[in-house]
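Report on one structure; see the data block that follows.
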Amino acid sequence: MILAAGQTAIEAKGVTKQFGTGQDAVKALDNVSVSIRENEFFTLLGPSGCGKTTLLRLIAGFDFPNEGEILLYGENIAPLPPYKRPVNTVFQSYALFPHMTVAQNIGFGLEMLGKPRAEIDKRVSQMLQLVRMEELANRRTSQISGGQQQRVALARALAPAPKVLLLDEPLSALDYKLRKDMQIELKRLQNETGITFIFVTHDQEEALTMSDRIAVMSRGKILQIGSPRDIYDRPSVRFVANFIGETNFLEGDVLAVEGASATVKLAGGGTIVAGLPEGLKPHGRVTVVVRPEHADLVKPGGEADLWGKLENIVYFGTDTHYYVKLDGGEAFIIRQQNSHGAGSGHAVGNPVGVALEANSAQVVRD
Amino acid sequence: MGVAQQAADRAERDQIRKRWLLSSPALIIIFFAAIGPLAVVVLYSFMVKGDYGDVKYWQFSLDGWFNVVAERDMFDDTLGLAWANISIFWRSLKLSFITTIITLFFGFPTAYFIATRKPDKRDLWLFLITIPFWTNILIRTFAMQEVIRNEGIINSALMGLGLVDQPVQIMFTDWAILFGMVYVYLPLMVLPLYASLEKLDFRLVEAGYDLYANRFQVLWRVIIPLVKPGIVAGCILVFIPSLGAYVIPRVLGGGKNMMLGNLIDLQFGQGRNWPLGSALSITLMIIVTLALLVYVRNTAKGGGNGHV
Amino acid sequence: MSKGFSITSMPGFSLIALACFAVLYLPVATLVFYAFNAGQSVAMWEGFSLRWFESAWQNTAVQEATIRSAVIAVVAATIATVTATMAAIATTRTAPYRGLTFKYAFINQPLMVPEIVTAVALLIVFSRIKIWTGYSGLGYIIAAHTAFCIPFAYMPIRARLEGMDLTLERAAADLYAPPWAAFKRVTLPILWPGILAGFMLAFVISLDDVVITEFVKSAGQETLPTYMLGQLKRSVTPEINAISTVFLGISILLVTMFFFISRKKA
């Protein structure tokens with residue numbers, strides 16, 4: 001994970017946010033540090049209550065941290081009120097001003113900055129073009145659809161050309177098809193405008209498809225930061241492996257460690273080489289994760305790392321899931337695309353072997 | 001303490017200060033022109049009455065309180081109960097209580113009726129019940145006077161139908177006050193009852209019927225317990241003003257059927273006994289506060305679950 | 001064919017309800033009816049006439065009282081609405097903080113004390129101030145009215161404020177609006193119907209007040225209600241019906257406007 005060229009747009013250093021006092025104090029953020037580069041599509045991903053929205057609010061200025069600093073291009077903005085920060089937010093509920101038209105909403109930020117009327121009008125029509133809503137300029141915001149409101153909220157936040165755009169689960173209220181469309185749209189906008197996007201979501205699929213980098217959070221802490229591929233293929237913590245996609249967890253004992261990989265003897269049988277998260281030098285018992293698509297079924301008599309019985313076959317349209325109960329008692333899922341013709345020749349109830357793809361396993365911290 | 005924590009604290013202190021600043025004008029006005037003076041009343045109740053009204057500064061006495069229920073005979077200095085005052089207390093409590101019961105009895109079906117209209121019609125009925133509520137009490141009292149006078153509607157009807165030979169004297173009796181109070185305070189009972197009934201989850205009523213209850217049982221065992229907060233609120237909202245009624249007994253009761261409000265008025269007018277008037281006012285306040293405490297205890301106890 | 005079982009109907013309730021509505025309106029209707037009576041009596045109809053409206057219109061005492069009532073109501077309602085708006089902003093849409101329940105009870109206090117008690121209290125205090133300062137203008141009445149109008153203005157404003165999403169003000173701040181601009185451009189326009197409704201309520205309450213005004217006023221300072229109260233003791237002519245009718249008309253007008261404003265969602 002090398003920091004590419006480009007400045008650090010937003011940096012949080014040791015940020016802690018606590019609600020309540022004494023016994024009942026709840027740490028929404030616990031000593032969180034993260035660096036977000038400019039022109040990056042950065043996602044904060046985690047279940048509800050993990051602190052991602054709190055962190056966003058601290059960056060926007062709606063709340064103040066108890067400890068730590070929040071730097072915008074090196075300057076500490078933590079004591080500044082929101083209207084003094086060149087950072088704009090797209091709210092989950094859109095928060096469009098109901099008593100103003102679409103055009104007035106979009107121009108609001110520029111009005112507050114005291115820009116001349118001509119400049120505001122020009123910028124507003126630019127924004128309307130950008131989100132493709134020119135004909136709706138003079139409609140009341142209560143008269144347009146949810147998807148359209150979303151785009152107005154976006155245009156309104158982009159109009160003042162902020163250094164950083166914060167998006168608080170903006171797509172959660174949209175239905176599936178619209179959400180997919182908007183995901184592509186947002187990615188396009190980020191590329192075109194070059195503004196740093198900080199995106200908050202609990203939808204891991206969304207995070208994987210849109211982000212340059214993801215920070216996975218849980219209970220006020222950041223567990224892992226990396227590109228979507230890194231997070232998916234090389235989760236460093238059990239929680240991350242579990243939260244993103246489907247995973248198989250296997251127990252094993254470390255036999256040897258060389259650099260970034262370890263030789264692990266699986267409890268169920270075979271010996272494999274697994275990747276290591278940065279900084280971890282394990283010994284003894286470890287947990288290893290393998291993604292379902294990186295394993296294959298093996299007929300009895302063949303070579304496999306694990307053995308068990310095929311319990312269930314579930315057809316999913318694009319692929320098929322095979323549920324294996326390993327001899328040790330654990331469950332193992334194998335995923336195969338349905339492009340290889342009918343079935344794999346295995347029947348429910350038969351003994352099967354599981355072969356793990358080379359270099360696909362990863363040791364995780366617990 | 002870190003810089004961050006200081007900033008957070010400062011922001012919170014600013015918030016608190018801003019809130020006090022914003023609410024202070026309202027609080028100040030109410031303090032000086034509503035609540036503060038009440039303290040002065042308490043003070044006056046313990047002072048010596050002046051010769052032409054007001055009080056003698058700074059002479060204190062318990063006579064004000066004493067005269068609430070007792071009196072000293074002018075001639076032979078014996079102590080006796082102030083029967084006139086006591087009968088006025090009794091009349092006030094009696095009439096207020098009866099008014100509350102009657103308005104509850106008639107107000108409940110009315111509120112129920114409005115709450116069970118179709119939603120678009122409901123506004124119309126609400127509007128119709130709100131108009132009397134905002135009509136000047138004098139107009140309503142005067143209107144009631146027109147109804148119960150000897151030449152009024154009731155007597156004209158009675159005589160016209162040949163049921164009586166002479167007009168029935170209703171004005172200047174306790175009945176007149178009762179009619180007036182029920183008439184004036186009925187909307188005050190209906191509105192909180194409506195507020196409660198509107199939130200009633202009728203699926204619970206359905207469940208009652210499903211479980212073999214008849215209409216009366218559903219009313220008594222399901223509906224009424226669920227709207228208890230509204231009932232209590234309505235009763236309080238009627239009882240308190242009735243107890244302190246002034247206009248209605250003055251206009252409809254004449255000079256003889258005084259209620260507590262008129263008795264207090266007397267002390268500040270011809271009676272020239274400001275300490276007594278103050279003591280009577282505080283007594284009224286105490287009774288009202290007790291009634292309010294009953295209300296607070298009732299709503300705090302979580303009566304009325306089953307609201308949607 | 002039977003109508004089927006209605007779970008909401010209760011026997012006799014509709015009848016009682018409609019009877020109540022009739023009983024509520026009938027006496028007032030009669031009152032209005034006799035305002036147009038050509039004769040002197042308030043009971044015997046002698047033909048249609050507008051004479052009582054004319055005589056009321058020309059009655060200088062009525063004119064003075066009406067103007068005085070209007071002035072007091074406008075001033076009291078305005079001050080009450082402004083201060084109630086500020087208080088509502090300070091006490092709504094926040095997490096409970098120390099002193100909140102106290103403030104809330106304090107503001108609503110005038111609703112919990114019987115009018116006669118407040119009237120007496122103000123009589124005592126104001127008469128003392130009168131002696132000290134010699135001032136005996138409308139100020140006392142206006143102050144008294146403002147105080148009990150505040151809770152009435154407060155309620156609709158608070159109701160409207162609670163229905164407003166705090167996120168809107170946050171969005172405004174996010175878009176570079178300092179607190180005063182956010183209030184002026186976002187909060188106020190959306191809150192406005194509530195403020196208007198509060199003003200109307202306060203206005204009607206002030207206009208209608210009898211007891212407190214009666215005790216607090218100085219000699220000669222009649223308001224319309226106190227004038228009417230005085231009239232009711234003497235021989236009653238339909239002039240009082242005429243005054244009542246006009247008064248009633250104004251109240252109905254205001255309540256209707258109040259209803260329209262409250263029902264409208266921005």
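Taken over region B:18-38, the criterion of being facing chain C (nearest Cβ under 7 Å) and free of Cβ contacts under 8 Å to residues at least 12 places away in the same chain is satisfied by B:ARG19, B:LEU22, B:SER23, B:PRO25, B:ALA26, B:LEU27, B:ILE29, B:ILE30, B:ALA33, B:ALA34, B:ILE35, B:PRO37. Among residues belonging to region B:251-279 that are within 9 Å of chain C (Cβ to nearest Cβ) and of a type in the set (A, V, I, L, M, F, W, C), point out the one that is surrounded by the most Cβ atoms within 10 Å (Cβ to Cβ). Applying the filter and picking the extreme gives B:ILE264.
Yes/no per residue for (1) in contact (Cβ under 8 Å) with a residue 24 or more places away in the chain; (2) under 27 Å from C:THR30 (Cβ atoms); (3) not basic (Lys, Arg):
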{"residue": "B:ASN85", "(1), (2), (3)": "yes, no, yes"}
{"residue": "B:LEU93", "(1), (2), (3)": "yes, no, yes"}
{"residue": "B:PRO109", "(1), (2), (3)": "no, yes, yes"}
{"residue": "B:TYR112", "(1), (2), (3)": "yes, no, yes"}
{"residue": "B:PRO119", "(1), (2), (3)": "no, no, yes"}
{"residue": "B:GLN145", "(1), (2), (3)": "yes, yes, yes"}
{"residue": "B:ARG149", "(1), (2), (3)": "no, yes, no"}
{"residue": "B:SER156", "(1), (2), (3)": "no, yes, yes"}
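Return yes or no: is B:SER87 assigned by TED's automatic domain parsing to the domain that holds B:ILE236, under 17 Å from the mean Cα position of the chain (by Cα) and not β-branched (Val, Ile, Thr)? When the stated conditions are applied, B:SER87 does not pass them. Would a scan of region C:59-69 turn up a residue that is away from chain B (no Cβ under 11 Å), at pLDDT 85 or above, surrounded by 16 or more Cβ atoms within 10 Å (Cβ to Cβ) and within 27 Å of C:LEU188 (Cβ to Cβ)? Within region C:59-69 (the criterion being away from chain B (no Cβ under 11 Å), at pLDDT 85 or above, surrounded by 16 or more Cβ atoms within 10 Å (Cβ to Cβ) and within 27 Å of C:LEU188 (Cβ to Cβ)), the answer is no, since none of the residues qualifies.
Considering every residue within region B:179-192, establish whether at least one is within 30 Å of C:VAL255 (Cα to Cα), touching a strand residue (DSSP E or B) at 6+ places or on another chain (Cβ under 9 Å) and among the hydroxyl-bearing types (Ser, Thr, Tyr). No, because not a single residue in region B:179-192 is within 30 Å of C:VAL255 (Cα to Cα), touching a strand residue (DSSP E or B) at 6+ places or on another chain (Cβ under 9 Å) and among the hydroxyl-bearing types (Ser, Thr, Tyr). Scoring C:PRO225 on the criteria (1) in contact with an Asp or Glu (Cβ under 7 Å, 6 or more places away or on another chain); (2) more than 28 Å from B:GLY269 (Cα to Cα) leaves a single failure, condition (2). The single residue among A:ASP24, A:ASP63 that is in contact with a helix residue (DSSP H, G or I) (Cβ under 6 Å, 6 or more places away or on another chain) and modelled with pLDDT under 90 turns out to be A:ASP63.
Table: residues versus (1) assigned by TED's automatic domain parsing to the domain that holds B:LEU290; (2) at pLDDT below 90; (3) assigned to a strand (DSSP E or B); (4) acidic (Asp, Glu).
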residue	(1), (2), (3), (4)
B:PHE66	no, yes, no, no
B:LEU93	yes, no, no, no
B:ILE102	yes, no, no, no
B:LYS121	yes, yes, no, no
B:ILE131	yes, yes, no, no
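Go through the residues of region A:114-127 one by one and say whether even a single one is closer than 29 Å to B:ALA7 by Cβ and in the same structural domain as A:LYS17 (by TED's automatic domain parsing).
Restricting attention to region A:114-127, the residues satisfying the condition of being closer than 29 Å to B:ALA7 by Cβ are A:114.
Remaining after also requiring in the same structural domain as A:LYS17 (by TED's automatic domain parsing): A:114.
Yes, region A:114-127 contains at least one residue that is closer than 29 Å to B:ALA7 by Cβ and in the same structural domain as A:LYS17 (by TED's automatic domain parsing).
Of the numbered criteria (1) modelled with pLDDT under 90; (2) more than 7 Å from every other protein chain (Cβ to nearest Cβ); (3) closer than 25 Å to B:VAL288 by Cβ; (4) within 24 Å of the chain's Cα centre (by Cα), the one C:LEU100 fails is (4).
Here is a list: C:LEU166, C:LEU188. Which entry is at pLDDT below 90 and either of a type in the set (Phe, Trp, Tyr) or assigned by TED's automatic domain parsing to the domain that holds C:PHE258 (or both)?
Details: C:LEU188 fails: at pLDDT below 90.
So the residue among C:LEU166, C:LEU188 that is at pLDDT below 90 and either of a type in the set (Phe, Trp, Tyr) or assigned by TED's automatic domain parsing to the domain that holds C:PHE258 (or both) is C:LEU166.
With respect to A:ILE36, is the statement that it is buried (at least 18 other Cβ atoms within 10 Å of the Cβ), of a type in the set (A, V, I, L, M, F, W, C), closer than 28 Å to B:ASP9 by Cβ and modelled with pLDDT under 90 true? No: the conditions fail for A:ILE36.
For region B:143-181, a residue qualifies if it is assigned to a helix (DSSP H, G or I), among the acidic types (Asp, Glu) and either more than 10 Å from chain C (Cβ to nearest Cβ) or loosely packed, with under 15 Cβ neighbours inside 10 Å (or both), and exactly one does: B:ASP174.
Might you check whether a residue that is farther than 12 Å from A:LEU250 by Cβ and among the acidic types (Asp, Glu) occurs anywhere in region A:272-292? The answer is yes, given that some residue of region A:272-292 is farther than 12 Å from A:LEU250 by Cβ and among the acidic types (Asp, Glu).
Taking the criterion of being surrounded by 19 or more Cβ atoms within 10 Å (Cβ to Cβ) and either in contact (Cβ under 8 Å) with a residue 60 or more places away in the chain or of a type in the set (D, E, K, R) (or both), the residues of region A:64-92 that qualify are A:GLU67, A:GLU69, A:ILE70, A:LEU72, A:ARG85, A:VAL87, A:ASN88, A:THR89, A:VAL90, A:PHE91.
Checked against the criterion of being farther than 21 Å from A:MET210 by Cα and in contact (Cβ under 8 Å) with a residue 60 or more places away in the chain, the candidates A:LEU96, A:LEU154, A:LEU128, A:LEU158 yield just one match: A:LEU96. Residue count for region B:96-140 under the criterion of being more than 8 Å from chain C (Cβ to nearest Cβ) and hydroxyl-bearing (Ser, Thr, Tyr): the result is 4. Restricting attention to region B:225-250 and to residues that are within 11 Å of chain C (Cβ to nearest Cβ) and aliphatic (A, V, I, L, M), the residue that is nearest to the chain's Cα centre (by Cα) turns out to be B:ILE240.
Entry remark, region B:57-74: residues being surrounded by 16 or more Cβ atoms within 10 Å (Cβ to Cβ) and free of Cβ contacts under 8 Å to residues at least 24 places away in the same chain number 2 in total.
Counting only strands (runs of 3 or more DSSP E) that sit completely within region A:205-283, those holding 1 or more residues that are assigned by TED's automatic domain parsing to the domain that holds A:PRO65 and within 13 Å of the chain's Cα centre (by Cα) correspond to A:213-218, A:221-226. Of all residues in region A:93-112, those that are among the hydroxyl-bearing types (Ser, Thr, Tyr), within 26 Å of A:ASP63 (Cβ to Cβ) and either more than 7 Å from chain C (Cβ to nearest Cβ) or crowded, with 20+ Cβ neighbours inside 10 Å (or both) total 1.
Annotation: of all residues in region C:121-130 being facing chain B (nearest Cβ under 7 Å) and touching a residue at least 12 places away in the same chain (Cβ under 8 Å), the one that is nearest to C:PHE148 (Cα to Cα) is C:LEU122.
Here is a yes/no grid of residues against (1) crowded, with 21+ Cβ neighbours inside 10 Å; (2) more than 27 Å from B:ALA34 (Cβ to Cβ):
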{"site": "C:TYR176", "(1), (2)": "yes, yes"}
{"site": "C:ARG185", "(1), (2)": "no, yes"}
{"site": "C:ALA202", "(1), (2)": "yes, no"}
{"site": "C:ASN241", "(1), (2)": "yes, yes"}
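Among the residues of region A:200-223, which ones are without any contact (Cβ under 8 Å) to a residue 24 or more places away in the chain and over 18 Å from A:GLU293 (Cβ atoms)? So that I can check it myself, show each step before the final result.
Of the residues in region A:200-223, the ones without any contact (Cβ under 8 Å) to a residue 24 or more places away in the chain are A:205, A:223.
Result: A:LEU223, single match.
The values are calculated or read from the model by the stated rules, or taken from the named source; none is laboratory data. The model shown is predicted, which means the values in this text are computed figures rather than measured ones. Quick reminder, even Gly has a Cβ in these numbers, built from the backbone with ideal geometry, and neighbours come from all protein chains shown.
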